[in-house]
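Colleague: Sharing a structure, written as structure tokens. Questions coming.
A short reminder: the numbers here are calculations on the coordinates, not readings from a lab. Here the structure is a predicted model, which is why all the values come from computation and not from measurement. All Cβ positions, even for glycine, are placed from backbone atoms using ideal geometry, and neighbour counts span all protein chains on display.
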Amino acid sequence: MQTGLKVTNLCKRFGGIVVADAIDLDVPAGRIVGLIGPNGAGKTSFFNLVSGVVAPDAGQVMLDGEDVTGLKMAERARRGLARTWQNLRLFPSLSVLDNLLIGTRDYPGERLSRLALQSGRIARDETQDRLKALDVLERIGLAGIAHTDIVNVPYGQQKLIGVARALMNDPRCLLLDEPMAGVEGQAYRTLQSVVRGLAASGVAVCVVEHNVAFIRDLCNEGVFMFAGKVLARGDVESLVADPRLTELYFGT
């Protein structure tokens, strides 16, 4: 039975700067949780700790009941922990389609032993992955640019491609780091629909986003972070209406 993401007593300090101060946070399977708070609150640092970019000083990260705290980022990804990035991290020399194929959880040809002994199976798997990538692009409305070089794609569409690449992982938990920056119009609505569909299929989704309206419209609940701490959790409307939290977020 899937349980989602559960983080307990997560701590991280860089010198005198505390970016995670005993964070307890769970994102149940099938739910969408939004992280809000001012710049420097520790939201992206939390994602880095959960996804394995940075090792915590203390605490535990559980994915569907499995302790993944000691695993490297690639191993967490193979277990279904996917994320996007504020700065995209797409490969500029590749096409849109090839950028998606890199996100496959277990890329068919990445092991030399399989290349030598299972070349026929690898060819079939690669064909299936290409069909899957085209289907993902269709879902986000970008099938028409599958073979376009990523450098010729507008920034807003590149943000959607970053999400599409994460979907190639078949995530059990998806971390979205400011997915709406530069995204508007139909792309905005498409992304909402895709994320809701993931949650409905049992994926645990956690979103960092400064677009409070997007968080309010999309998320089941919100978590307010400040100075590496979780200060409050509840429905997003109540959080942004709290004068104390509003002052911390926007200033006086």
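Colleague: Test of understanding: what is the full-extension gain from ARG189 to ARG233, defined as 0.36 nm times their sequence separation minus their Cα-Cα distance?
Modeller: 13.3 nm is the gain from fully extending ARG189 to ARG233.
Colleague: Let me ask something else. Suppose R0 equals 22 Å. What FRET efficiency, 1/(1 + (r/R0)^6) with r the Cβ-Cβ distance, do THR246 and ASN220 give to the nearest 0.05?
Modeller: With a Förster radius of 22 Å, E is 0.55.
Colleague: Next question, about the same structure. Let me have the relative contact order for the chain, percent, based on Cα pairs under 8 Å that are six or more residues apart.
Modeller: 30
Colleague: Place the peptides 138-145, 154-161 in order of packing, highest mean first, counting for every residue the other Cβ atoms within 10 Å and averaging per peptide.
Modeller: Those peptides, ordered most packed to least, come out 154-161, 138-145.
Colleague: Antiparallel as a % of all DSSP beta bridges within the chain, to the nearest 5?
Modeller: Counting DSSP beta bridges with both partners in the chain, the antiparallel share is about 55 percent.
Colleague: With labels modelled as points extended 7 Å from the Cα through the Cβ direction, what inter-label distance (nm, one decimal) is found for THR3 paired with LYS132?
Modeller: Taking the simple label geometry, THR3 and LYS132 are separated by 2.7 nm.
Colleague: A further question on this structure: Add +1 for every Lys or Arg and -1 for every Asp or Glu among the other residues with Cβ under 15 Å from the Cβ of ALA227, and state the total.
Modeller: Local net charge: +3.
Colleague: What's log10 of I(q)/I(0) for region 120-168 at q = 0.17, 0.26, 0.33 Å⁻¹, Debye sum over Cα points only, no solvent?
Modeller: Log10 I(q)/I(0), no solvent term: -0.52, -0.97, -1.27.
Colleague: Expressed as an acute angle from 0 to 90° and rounded to the nearest 10, what is the orientation of the C-alpha long axis of helix 155-167 relative to the principal long axis of the chain?
Modeller: For helix 155-167, the angle is close to 80 degrees.
Colleague: Throw me the Rg/Rh for the chain, computed over C-alpha atoms with Kirkwood Rh, two decimals.
Modeller: Ratio value, two decimals: 0.98.
Colleague: Something else now. Relative to the longest principal Cα axis of the chain, at what angle does helix 186-200 sit, 0 to 90 degrees, rounded to 10?
Modeller: It is inclined by approximately 90 degrees.
Colleague: Taking a threshold of 24 Å on the Cα-Cα distance, which of the pairs LYS6/LYS72; LYS159/LYS229; LYS12/LYS159; LYS6/LYS229 fall above it?
Modeller: LYS159/LYS229; LYS12/LYS159
Colleague: May I pose another question? Rounded to two decimals, what is the ratio between the C-alpha radius of gyration of region 16-112 and 2.2 N^0.38 Å?
Modeller: Cα Rg divided by the expected 2.2 N^0.38 Å: 1.23.
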